[in-house]
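The values are calculated or read from the model by the stated rules, or taken from the named source; none is laboratory data. All values reported here derive from a predicted model rather than from experimental measurement. No Cβ is skipped: glycine too gets one built from the backbone with ideal geometry, and neighbour counts run over all protein chains shown. Ligands, DNA and RNA are stripped out before the accessible areas are found, and what is left, the full protein with its side chains, is counted by its heavy atoms. Shrake-Rupley method; radii C 1.70, N 1.55, O 1.52, S 1.80 Å.
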Amino acid sequence: MKNILVTGGAGFIGSNYINTVLSQRDDYFIVNLDKLTYAGNLENLKPVENKKNYVFVKGDICNRELVEYIFERYKIKYVINFAAESHVDRSILGSAIFYQTNVIGTNVLLETARQYQVEKFLQVSTDEVYGSLGATGLFTESTPISPNSPYSSSKAGADMMVQAFYHTYGMPVVTTRCSNNYGPLQFPEKLIPLMIINALNNKKLPVYGDGMNVRDWIYVIDHNIAIDKVFNEGRTGEVYNIGASNEKPNIEIVKLVLSILGKGEDLIEYVKDRPGHDRRYAIDSTKIQSELGWKPKFSFDEAIKQTVEWYLSNKEWWGRIISGEYQKYYSDQYSGRIKG
Ligand code: NAD
Ligand code: DAU
């Protein structure tokens, strides 16, 4: 049995990870430590909540006493760190919590993992640590780290700390850096669910700048299969990029969502750009493909339709979310931007 501390497992990617791996493996015992911020939602974990090899603990990764208790009580030997403040726009509105959770929280996990001599510490990172690309080229694992937003700089700080624990203490760490995820259970602040939900509500679709910023999209299950592969087979001390080679300008994504939903493009509104907006991300995932034999399974055209279908079939899930704190966030983020 592998006793694994999964942090941030009530969020979008973490909950998809837990649901996927626990449907396939009975040799994992997962303790999910999640603070249940605005982005954490226990409804996401319905498929596993009664499993014997799953435990949920509500708490903060910055709380050393609690983290030590979990290591001791559940004999933790593995850590997969998903927990983070994850939204770039929120980091622009206020950065402190990003450095608290993403940097200090990772430090608490690393120190405790060192104390309890873990066998593997997987840091879930992002391609945003590499900064922005021009019109050509791809991020490889040797692209210099050059983050531009408070969010990405906090993730980069954590990545460097993880590497330092490897070099200094020989801690068995491994880091993944993935591109933009989409799929079920994604919080509606992110581009794809925001556009789906606004379109369903006949609200304006706010496209930043000229809509030509490029993101490289991957279905969340493909990301999670890759994480599990790196967790089990990745080489200690290494970084693995994860991506599915689906580069799209934002406006293309927005128009695609509208066409799947049968809605008109008159809902689109170009709005004031995100400050410091990275122009283009694109991942070279040759390393994980050639070393570990991973490759994406889901085609973008199919998986985006399934994602839209999921939001159509789960209106209660997102209806509850957008009726709470989200309204205030939406107004802080968009009221100075959207005219219509
Ligand atoms: P999310 O915002 O949906 O979920 C984050 C989860 O972490 C939530 O459940 C939240 O409650 C929890 N959390 C936040 N602060 C915490 C704290 N102090 N202690 C314990 N739990 C805390 O994020 P996501 O999109 O699922 O991203 C998960 C990870 O993947 C993050 O580390 C993110 O940087 C990384 N990542 C995301 C993407 C993407 O496209 N979403 C791509 C690459 C990497
Ligand atoms: O690349 C990986 C990263 O992808 C992750 O590390 C982050 O956690 C995740 O949030 C995501 O960051 P982005 O900033 O790329 O994702 P977001 O969905 O916020 O925005 C995608 C693009 O769409 C970006 O160019 C900004 C644009 N956008 C976004 C929103 C929310 C708009 O044009 N309008 C919007 O309302």
Can you name the strands (runs of 3 or more DSSP E) wholly within the range 196-253 that have at least 3 residues being under 24 Å from Asn16 (Cα atoms)?
214-219, 239-242
The range 300-340, residues that are under 24 Å from Gly40 (Cβ atoms) and outside any helix (DSSP H, G or I)
Asn314, Ser323, Gly324
Out of Lys58, Lys51, Lys75, Lys2, which single residue is among the basic types (Lys, Arg) and under 21 Å from the mean Cα position of the chain (by Cα)?
Lys58
When the range 37-46 is checked residue by residue, the ones that are open to solvent by 50 Å² or more (accessible area, probe 1.4 Å) and among the aliphatic types (A, V, I, L, M) are Leu42
Whether any residue in the range 2-18 is surrounded by fewer than 22 Cβ atoms within 10 Å (Cβ to Cβ), more than 8 Å from ligand 1 (Cβ to nearest atom) and under 21 Å from Thr307 (Cβ atoms) is what I want to check.
no
Looking at the range 51-59, is at least one residue more than 20 Å from Asn181 (Cβ to Cβ) and among the aliphatic types (A, V, I, L, M)?
yes
Please give the number of the condition Gly237 fails out of (1) over 25 Å from Asp89 (Cβ atoms); (2) open to solvent by 30 Å² or more (accessible area, probe 1.4 Å).
(2)
